[in-house]
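Here the structure is laid out as structure tokens; the discussion comes afterwards.
What follows draws every value from the coordinates through simple rules; no lab data is involved. All figures in this text were calculated on a predicted structure; none of them were measured in a lab. Because the Cβ atoms are built from the backbone with ideal geometry, glycine has one as well, and the counts that use them run over all protein chains shown.
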Amino acid sequence: MSSTLTFVVLLGTPLLGALVLGLTGGKRWAPNLNVAFSLLTFLAACALTSNIITHGNVVLMQEQFFIDAFNVFLVTLTAFVGLTTALFSRPYMRIEVEHGRVNSAQLRLYHSMYQLFMATMLIALTTNNLGLMWVAMEAATLSTVLLVTLYRTPASLEAGWKYFILCGVGIAQALFGTILLYFAAEKILGAEGVGALLWTHLNVVKAQLEPAVLSLAFVFLLVGYGTKVGLAPLHNWLPDAHAEGPTPISAVLSGLLLNVAMYAVVRCKVLVEGSLQSSLPGRMLMGFGLLSVVLAAFFLWRQRDAKRLFAYSSIEHMGIITFAFGMGGPVANFAALLHMTVHSLTKSAIFFAVGHATQKAGSQLMDDIRGLITLSPTVGWGLMMGSLAILGMPPFGVFASEFLILTTAMKQQPWATPILLLALGVAFAAIFSRVQPMVFGETTAKRLPHPPALVPVFTHLALVLMLGLFIPPYLADWYRAAARLIGGH
Amino acid sequence: MNMTALPFDLQLLNTLAALLLLLSFAMLSQRRIVTLINLLAVQGALLCIATLLLAWRTGAGHLYLSAGLTLALKVIFLPWLLHRLIRKLGVYWDTEPLLNTTGTMLVGVLIVVFSFGLAQPISALASTATRNSIGIAVAVVLIAFLTMITRRKAMSQVVGFLSMENGLFFGAMSATYGMPMIVEFGVALDVLVAMLVLGVFFFQIREQFDSLDLQHLESLKEDQ
């Protein structure tokens with residue numbers, strides 16, 4: 001199958017899914033249909049990947065879309081987590097319906113927006129046009145706002161409003177940054193040519209772009225997309241949005257949307273660094289990253305809600321990734337890409353386990369969730385192992401990437417190493433001391449009307465374990481190629 | 001700059017830019033929500049006229065399209081939608097802003113000075129006839145931002161948000177004669193969808209709280 005056709009299937013499936021589920025999403029079999037659409041998307045992503053492996057990078061549809069080493073693995077990861085989350089959401093949403101928290105109209109909205117959200121993320125990842133990337137990022141926010149407020153509780157409405165307005169304002173900054181980028185590019189590439197916002201064209205001429213304009217553009221782009229990454233101090237919307245929506249949405253927001261926003265930041269950084277010929281963009285990323293890690297680690301101590309706890313942990317990990325991309329160079333970039341992968345897999349697995357745990361306890365407060373291991377050992381062990389993995393315990397993959405980041409930091413930015421180690425230690429103590437009583441001890445949990453979805457949890461954890469022990473050679477080659485592409489000092 | 005030496009259409013464009021800025025200040029001090037929406041519509045209309053003038057001046061076909069888009073979306077549809085929403089929801093007045101009006105206006109003046117400073121290097125590099133308006137565009141964006149942070153009612157914040165988008169649009173026009181058409185369509189689509197989502201959202205908020213005052217939406221704190 002040609003790359004173009006596969007690509008059309010990849011983007012077309014979730015869009016069609018949004019339409020079909022918008023009409024039928026409230027039916028009994030709709031969750032299965034949601035899984036079917038996600039599976040087709042994932043198969044298309046796999047086919048596209050194998051095409052890329054044999055034929056190399058491609059540019060599609062009058063250069064508006066492109067696939068290279070950096071985005072191809074993120075596309076596959078997004079489609080994969082999209083599929084497993086759809087599998088998890090099947091029993092999860094059925095239980096929510098039984099508990100009377102959602103009705104069939106809300107379920108229809110949920111399924112339709114789920115597919116639309118997948119489509120916007122895939123467009124943001126594959127588009128070559130930085131303007132379209134902005135459009136897709138904003139569309140990703142819009143498609144999830146009504147999902148965050150799905151339960152219509154006061155807290156969820158507040159979270160939804162915060163999400164909408166903060167990300168809206170943030171992304172407006174990114175639009176200004178994009179305009180400035182276009183302004184600088186138009187001087188070199190010409191306004192008539194369509195190339196002035198195309199990343200592949202910009203990447204060729206990046207050394208000629210006006211540095212003064214690009215440094216200003218980067219400030220706006222970093223603040224704008226950084227808001228969506230959840231970088232401190234722009235992270236305010238994130239814990240609320242992750243805690244108040246349905247858990248499958250928390251899993252994809254945390255596991256996928258943050259990655260996509262991170263991807264946008266890094267794409268812009270490559271251009272700006274090429275123009276400035278200095279380490280200023282890298283230093284800005286390191287600063288934001290470090291601040292996020294430290295702030296999140298200390299805020300972890302104050303959390304009482306299980307989903308907020310892991311939302312803060314996402315801020316911490318995004319901070320680590322931002323810091324690593326800020327350092328730049330082949331090893332740090334490799335580690336950052338690996339960390340993006342393992343964080344995405346681990347965090348969504350944790351949210352799956354937490355989702356069923358909160359359904360069993362009937363509450364999201366950690367004090368109410370006790371002794372999971374006695375009633376349902378699998379959910380308990382899933383949560384425990386996921387937490388250990390996210391805390392960077394060997395032999396899980398997070399350990400490998402954090403270890404690489406820390407050793408690179410020791411070599412390149414020795415001043416930052418103690419700060420990182422301290423924050424990681426604080427985060428470890430905070431999360432472990434909360435999760436331990438949730439898993440062990442006396443139980444108060446009740447049985448669920450549907451068997452919990454355990455396959456997604458353990459598939460993710462197995463993959464993270466594998467990535468900690470052994471990275472398949474083709475995956476390592478990809479990471480290396482992407483790390484070269486991102487460059488840096 | 002000698003104004004009389006400028007061709008008539010450029011003088012007109014500069015006047016429009018100045019009017020845009022004045023409107024931003026009017027919005028900053030306006031507490032009646034109906035008037036706020038009308039001001040937003042006028043701002044959209046000015047933007048549309050400016051785009052048309054620029055299209056005529058440069059002969060760029062995509063600017064005509066973009067002017068048509070502005071007319072349809074920002075002058076007609078969005079104000080109509082917002083008016084309909086406030087009629088249905090019955091919110092007509094915003095409460096006293098968080099900072100009093102005089103103070104806000106003073107901050108606004110400082111913002112204008114800052115914006116011109118910020119835009120200076122960009123204006124110096126720009127080759128468009130409208131490059132002197134870039135500072136005004138930045139000022140419109142920042143004043144809209146100020147409007148958003150000093151208001152309590154959700155509706156005023158949304159108007160501020162749209163005014164910010166107007167400023168960005170004007171900035172893109174002044175600096176580069178607009179973005180590529182595909183991007184402008186995308187942005188317009190996003191704004192449209194955002195407003196529709198908001199419409200749904202407002203009814204949810206009102207159903208829950210019987211009010212659109214954002215004070216109700218301040219219970220989620222860090223330590224929860």
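Take every Cα pair under 8 Å in the stretch A:27-144 that's 6+ residues apart, average their separations, divide by the length, and report that relative contact order as a whole percent. Mind showing how you got there, number by number?
Numbers: 100 pairs, mean separation 35.6, N = 118.
It rounds to 30 percent for the stretch A:27-144.
Just to be sure I follow: if Rg is taken over the C-alpha atoms of the stretch B:10-213 and Rh is the Kirkwood radius over the same atoms, what is Rg/Rh? Write down the numbers at each step before the final one.
On the way: Rg = 16.9 Å, Rh = 17.3 Å.
A ratio of 0.98.
What is the sum of charges around B:SER163, taking Lys and Arg as +1, Asp and Glu as -1, for the other residues whose C-beta is under 12 Å from the C-beta of B:SER163?
Working: positive: B:LYS74, B:ARG151; negative: B:GLU165.
Residues close to B:SER163 contribute a combined charge of +1.
Towards the positive end of the charge dipole of the stretch B:10-213, with charges on Cβ (+1 Lys, Arg; -1 Asp, Glu), say which of B:LEU125, B:LEU16, B:GLY103 has the farthest Cα.
Checking the options against the dipole of the stretch B:10-213, the answer is B:LEU16.
Could you tell me how far the Cα centroid of the stretch B:23-93 sits from the Cα centroid of the stretch A:132-191, in Å?
That distance is 20 Å.
Can you sort A:ASP477, B:ASP210, A:ASP68 from fewest to most other Cβ atoms within 10 Å of each residue's own Cβ?
Numbers: A:ASP477 13, B:ASP210 9, A:ASP68 19.
In increasing order of surrounding Cβ atoms, one gets B:ASP210, A:ASP477, A:ASP68.
Helix B:8-29 versus the longest principal axis of chain B: what angle, 0 to 90°, nearest 10, using Cα atoms?
20 degrees
In peptide A:124-132, what is the residue-averaged number of other protein chain Cβ atoms found within 10 Å of each Cβ?
Values: counts 0, 0, 0, 0, 0, 4, 1, 9, 5.
So the per-residue partner count for this stretch is 2.
Compute the helix-to-body angle for A:306-327: its Cα long axis versus the longest principal axis of chain A, expressed 0 to 90° and rounded to tens.
So the helix axis and the longest Cα principal axis differ by about 20 degrees.
Calculate the FRET efficiency for A:ASP368 and A:THR459 from the Cβ-Cβ distance with a Förster distance of 30 Å, rounded to the nearest 0.05.
Details: r = 28 Å, r/R0 = 0.95.
Taking R0 as 30 Å, the efficiency between A:ASP368 and A:THR459 is 0.60.
Using only helices, what value at 222 nm comes out for chain B when you add -39,500 (n - 2.57) per DSSP H run of length 4 or more and divide by the total residues, to the nearest 500 deg cm²/dmol? All intermediate terms of the calculation are to be shown ahead of the outcome.
Details: 8 runs with 164 residues, N = 224.
The helix contribution divided over chain B gives -25500 deg cm²/dmol.
Label-point separation (nm) for A:LEU43 and A:GLU442, each offset 7 Å from Cα along Cα-to-Cβ?
5.2 nm
With +1 assigned to the C-beta of every Lys and Arg and -1 to the C-beta of every Asp and Glu, and no other charges, what is the dipole magnitude of chain A about the Cα centre in debye, to the nearest 20? Walk me through the intermediate numbers first.
On the way: 27 positive and 19 negative charges, 164 e Å.
Magnitude of the dipole: close to 780 debye.
Going by how many other Cβ atoms sit within 10 Å of their own, how do A:GLU442, A:GLU158 line up, fewest first?
On the way: A:GLU442 8, A:GLU158 23.
Placing the least packed residue first, the sequence is A:GLU442, A:GLU158.
Apply 1/(1 + (r/R0)^6) to the Cβ-Cβ distance of A:ARG101 and A:GLN62, taking R0 = 41 Å, and write down the FRET efficiency to the nearest 0.05. Walk me through the numbers before you get to the answer.
On the way: r = 46 Å, r/R0 = 1.11.
For A:ARG101 and A:GLN62, the calculated efficiency is 0.35.
Put +1 on the Cβ of every Lys and Arg and -1 on every Asp and Glu Cβ in the protein assembly as shown; which of B:GLY199, B:ALA67, A:GLY328 then has its Cα farthest towards the positive end of the dipole?
Value: B:GLY199.
With a 10 Å Cβ neighbour count serving as the proxy for reagent exposure, in which order, fewest first, do A:VAL135, A:VAL213, A:VAL8 appear?
If I rank by nearby Cβ atoms, fewest first, I get A:VAL8, A:VAL213, A:VAL135.
By per-residue mean of other Cβ atoms within 10 Å, what is the highest-first order of A:315-323, B:77-85?
In descending order of packing, they fall as A:315-323, B:77-85.
If r is the Cβ-Cβ distance from B:ARG131 to B:ILE76 and R0 is 30 Å, what FRET efficiency results, to the nearest 0.05? Walk me through the numbers before you get to the answer.
Numbers: r = 30 Å, r/R0 = 1.00.
So, using R0 = 30 Å, E works out to roughly 0.50.
Check which residues have an amide H placed less than 5 Å from A:ASP305's amide H, if you skip close sequence neighbours.
Long-range HN contacts for A:ASP305: A:MET366.
Would you mind finding the longest exposed-site-free stretch of chain A, with exposed trypsin sites (Lys or Arg not before Pro) meaning DSSP loop and at most 12 other Cβ atoms within 10 Å? Display every interim value, and only then the final one.
Details: sites that count: A:ARG28, A:LYS446, A:ARG447.
Result for the longest clean stretch: A:29-445.
Mind listing which chymotrypsin sites (Phe, Trp or Tyr not before Pro) in the stretch A:414-471 are in a DSSP loop and have 13 or fewer other Cβ atoms within 10 Å?
Numbers: sites: A:TRP415, A:PHE428, A:PHE432, A:PHE440, A:PHE458, A:PHE470; in loops: A:TRP415, A:PHE440, A:PHE470.
Passing both the DSSP loop test and the Cβ count: A:TRP415, A:PHE470.
How many nm separate the modelled label positions at A:LEU475 and A:ILE53, each set 7 Å beyond the Cα in the direction of the Cβ?
1.2 nm
Treating only the Cβ of Lys, Arg, Asp and Glu as charged (+1, +1, -1, -1), what charge dipole size does the stretch B:56-140 show about its Cα centre? Round to the nearest 20 debye.
The calculation lands at about 340 debye.
What are the residues whose amide H is under 5 Å from the amide H of A:ARG370, where those residues sit 5 or more places off or on another chain and H is modelled from the backbone?
A:THR444, A:ALA445
With 30 Å as the limit, write out which pairs from A:LYS162/A:LYS446; A:LYS162/B:LYS74; A:LYS228/A:LYS307; A:LYS228/B:LYS88; A:LYS162/A:LYS187 have Cα-Cα distances beyond it, or answer none. Don't skip to the end; give the middle numbers.
On the way: A:LYS162/A:LYS446 33 Å; A:LYS162/B:LYS74 24 Å; A:LYS228/A:LYS307 18 Å; A:LYS228/B:LYS88 33 Å; A:LYS162/A:LYS187 38 Å.
Those over the limit are A:LYS162/A:LYS446; A:LYS228/B:LYS88; A:LYS162/A:LYS187.
Kirkwood Rh, chain A, all Cα pairs: how many Å?
On the way: mean 1/r = 0.0448 Å⁻¹.
Result for chain A stands at 22.3 Å.
Cα centroid distance between the stretch B:119-176 and the stretch A:335-409, in Å?
43 Å
Starting from the 7 Å offset along Cα-to-Cβ, what nm value, one decimal, do you get for the label separation of A:TRP29 and B:LEU106?
So the label points at A:TRP29 and B:LEU106 sit 6.9 nm apart.
Rounded to whole Å, give me the distance from the Cα center of the stretch A:194-270 to that of the stretch A:75-96.
24 Å
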